[in-house]
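Following: one structure in structure tokens, then a few remarks.
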Amino acid sequence: MTLIHAYAPASIGNISCGFDTLGLCLKVPGDIVSLSPNTDSCLNITSIEGGSPDLPYDPDKNCATVAIKSALVAMGKKDEGFDIAIKKGIPGGSGMGSSAASAVAGVVALNAYFENPLSPKELLSHALQGELIASKSVHFDNIAPSLLGGITLIHDDHGERIYNLPIPEDLHLTVISPAVTIHTADARALIPKSITLGDTKQQMRDIATFVHALHSGDLDALAASLNDRIAEPVRMELIPHFLEIKEAALEAGALGFGIAGAGPALFAFASSEKTAKDIEEAMREACGQKDLSCKTQSGTICPQGARIITEDEIL
């Protein structure tokens with residue numbers, strides 16, 4: 001194979017109660033990394049379509065190429081050269097794992113080119129190197145669902161144990177993306193260095209209840225678990241009219257509502273497709289009343305993560 005295209009989907013980290021511990025995969029949007037060999041013995045970014053105009057072409061500063069370079073070293077192929085084209089479907093600073101998707105797509109494309117010598121666990125560690133460029137911190141809650149799909153539970157900061165959790169059949173999801181940019185590193189700087197014993201206990205109860213709810217299909221238990229005592233209280237101030245949008249979602253029947261990762265994207269769970277659509281309309285209307293531009297989508301959690309795609313699927 002001389003030209004490989006890999007697609008990595010958007011993701012939502014934290015999922016309220018699971019700061020740096022839970023993540024889920026969306027079907028769209030996503031990033032595409034296309035890779036072909038060259039004779040220069042170096043990585044050369046030939047194009048970046050979409051995304052911010054200041055995304056770096058320097059292979060030592062771009063999430064995708066930093067991840068690819070790390071994987072090449074692990075494969076013993078650091079002198080191999082590739083031309084790399086990046087198509088950004090996920091806006092940077094959106095809260096939907098833009099940097100993670102580029103890094104994941106990069107290592108998946110490279111791995112496919114060499115006929116998959118690296119395991120998913122190894123790919124995660126190399127994708128993390130790309131994520132570090134953007135977020136300046138170690139967290140797998142976007143990388144893991146983008147690569148593996150579904151809902152993921154991250155046990156540690158080394159990626160040693162990452163588990164796919166069951167997805168209840170009637171669980172639906174609505175996402176709204178207000179026209180605001182929040183950089184992950186800035187949002188992480190707001191996280192408190194300590195939390196109270198009471199908040200710690202309740203956060204532990206909530207994440208345990210969330211995992212139980214997925215295994216049992218108990219959506220009432222899931223609704224009870226969707227509380228964020230760590231990130232939401234400090235990050236909500238970064239998102240215009242957060243409380244009004246949250247109230248609109250809950251009044252429309254949301255099981256729970258929260259900030260997607262660092263924000264500004266917001267998500268709501270629903271128990272049916274109709275309710276998810278109702279929530280989508282209610283959140284859009286809440287933004288419209290405040291003259292806040294936004295994009296919305298509703299659907300189900302995508303069980304499939306990053307994958308190799310054909311030329312036709314890019315168009």
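The values are calculated or read from the model by the stated rules, or taken from the named source; none is laboratory data. Predicted model only: the values in this text are computed from it and were never measured. Note that each Cβ is placed from the backbone with ideal geometry, even for glycine, and that neighbours are counted across all protein chains shown.
Quick notes on this one:
- Against the test of being assigned to a loop (DSSP other than H, G, I, E, B) and under 22 Å from the mean Cα position of the chain (by Cα), the options I195, I167, I207 yield a single qualifying residue, I167.
- Test result for V108, under 17 Å from the mean Cα position of the chain (by Cα) and part of a loop (DSSP other than H, G, I, E, B): no
- Those strands (runs of 3 or more DSSP E) lying entirely in region 1-95 with at least 3 residues closer than 23 Å to V180 by Cβ and not assigned by TED's automatic domain parsing to the domain that holds V180: 4-13, 22-38
- When the test is whether a residue is within 24 Å of A231 (Cα to Cα) and either at pLDDT 95 or above or not acidic (D, E) (or both), E281 does not pass it.
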